[in-house]
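Before any comments, here is the structure.
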Amino acid sequence: MNNGKICVSVCAETADEFINKAKKAAEIADIVELRFDCLKKSSIDAALESLYKLQKASQKPYLFTFRPKEQGGKRDLSSDERSSFWNSANVSMETWVDMEADIIEWSFNRLFDKRICSHHDFTGVPNNLPEIYQNLKNTKADILKIAVQADDATDSIELWNLLQVAPEEKKNYCLPIAMGEAGKWTRILGPAHGAPLAYASLEAGSPTAPGQISAKDLIKVYRVKELNRDTDIYGVIGNPVSHSLSPYMHNAAFKHHKLNAVYVPFEVTNLDEFMRRMVREDTREMDLNLKGFSV
């Protein structure tokens, strides 16, 4: 077992659909992310009004997100629009918020349960990850989320190792996410290694970010919340691997036999690099309990 929470992301254009999805997400999630940037501008006030009632009736915390397009949001948002939204979002103290570094200081004037300061890069892995991490850390947010696009499993190594930096600095709130098919392993294994959240889509085929896995698969297939640092890790290596049924078969067998093991897809373009940087004990750049692969 680990302390990570399943966070199901909700995205819809109309208030009614938004609220209906939020209700469904609350049935399976530990926390529900409400992507207000998905809503039509004319639907935001109606959605907020309905959510106040929903929050009172639900025992689940909600994460409010209003992300600009350059950070992965669904539409262009001016600074004035973002400020206006956060000023009008009269939320309860149990609410979590996700903000970018340029506006998160505003949030300290309000009482929120948790603050996430996030940075997204959809072009690839930036060369200045330590600097980005430090900038987010300087905001004093509770959780530092860095999401970057990965095109190969090994692209995620430097990002993944930020999970080790936070505990060394007596912090436990780093949330590294490698987006895309090649980054799925970070979503599956993150909570077992200290990531506070595992983001999931409400249904298969409807991700709100590249590589997002459905909540059903995270919970039932990969048993994400049951994994720990001692879990034996197996996987399928190839490119592509998203079509493989192997995770469904092998993980079902592990569960049936009550084994502390998980089978994960690893999208790999350079096998030599993968073996050198992630597997071989004398050269690997990270510490994962890797046990074997299908190729």
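The values are calculated or read from the model by the stated rules, or taken from the named source; none is laboratory data. It should be emphasised that the depicted structure is a prediction, and the values quoted were computed from it without experimental measurement. Cβ sites come from the backbone with ideal geometry, for glycine too, and all protein chains shown count toward neighbours. Please note that ligands, DNA and RNA were not included when accessible areas were found on the heavy atoms of the full protein model with its side chains. Shrake-Rupley method; radii C 1.70, N 1.55, O 1.52, S 1.80 Å.
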Output the qualifying pairs, or none if there are none: Cβ atoms under 7 angstrom, residues six or more apart or on different chains, first residue in region 141-163 and free of Cβ contacts under 8 Å to residues at least 60 places away in the same chain and closer than 24 Å to residue 99 by Cβ, second residue open to solvent by 10 Å² or more (accessible area, probe 1.4 Å) and of a type in the set (Lys, Arg).
141/115; 142/114; 142/115; 143/114; 144/137
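Conditions tested, residue by residue: (1) at pLDDT 95 or above; (2) in contact with an Asp or Glu (Cβ under 6 Å, 6 or more places away or on another chain); (3) open to solvent by 20 Å² or more (accessible area, probe 1.4 Å).
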residue	(1), (2), (3)
170	no, no, yes
177	yes, no, no
194	no, no, yes
197	yes, no, no
209	no, no, yes
241	no, yes, no
250	yes, no, yes
With (1) touching a residue at least 60 places away in the same chain (Cβ under 8 Å); (2) under 15 Å from residue 160 (Cβ atoms); (3) surrounded by 20 or more Cβ atoms within 10 Å (Cβ to Cβ) as the list, and residue 229 as the residue in question, which single condition is left unmet?
(3)
Please verify whether residue 236 is more than 20 Å from the chain's Cα centre (by Cα), over 15 Å from residue 291 (Cβ atoms) and among the β-branched types (Val, Ile, Thr), treating the condition exactly as stated.
no
Please go through (1) touching a Leu at 6+ places or on another chain (Cβ under 8 Å); (2) free of Cβ contacts under 8 Å to residues at least 60 places away in the same chain; (3) in a helix (DSSP H, G or I) for residue 278 and return the number of the only condition it doesn't satisfy.
(2)
For region 257-284, enumerate the residues that are open to solvent by 50 Å² or more (accessible area, probe 1.4 Å) and within 19 Å of residue 225 (Cα to Cα).
257, 258, 259, 260
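Could you please let me know if residue 219 is more than 19 Å from residue 12 (Cα to Cα), aliphatic (A, V, I, L, M), modelled with pLDDT of 95 or more and open to solvent by 10 Å² or more (accessible area, probe 1.4 Å)? Before the answer, list the steps.
On the way: more than 19 Å from residue 12 (Cα to Cα): yes; aliphatic (A, V, I, L, M): yes; modelled with pLDDT of 95 or more: yes; open to solvent by 10 Å² or more (accessible area, probe 1.4 Å): yes.
Judged against the criteria, residue 219 is a match.
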Taking the condition of being in contact with a helix residue (DSSP H, G or I) (Cβ under 9 Å, 6 or more places away or on another chain) and in a loop (DSSP other than H, G, I, E, B), how many residues in region 193-229 meet it?
14
Regarding residue 198, is this residue touching a residue at least 40 places away in the same chain (Cβ under 8 Å) and either closer than 22 Å to residue 286 by Cβ or of a type in the set (Val, Ile, Thr) (or both)?
yes
Any idea which residue in region 107-155 is modelled with the lowest pLDDT, counting only those that are crowded, with 20+ Cβ neighbours inside 10 Å and of a type in the set (Gly, Ala, Ser)?
141
Do we find that residue 287 is surrounded by fewer than 16 Cβ atoms within 10 Å (Cβ to Cβ), out of contact with any Leu (no Cβ under 9 Å at 6 or more places or on another chain) and under 23 Å from residue 223 (Cβ atoms) in this structure?
yes
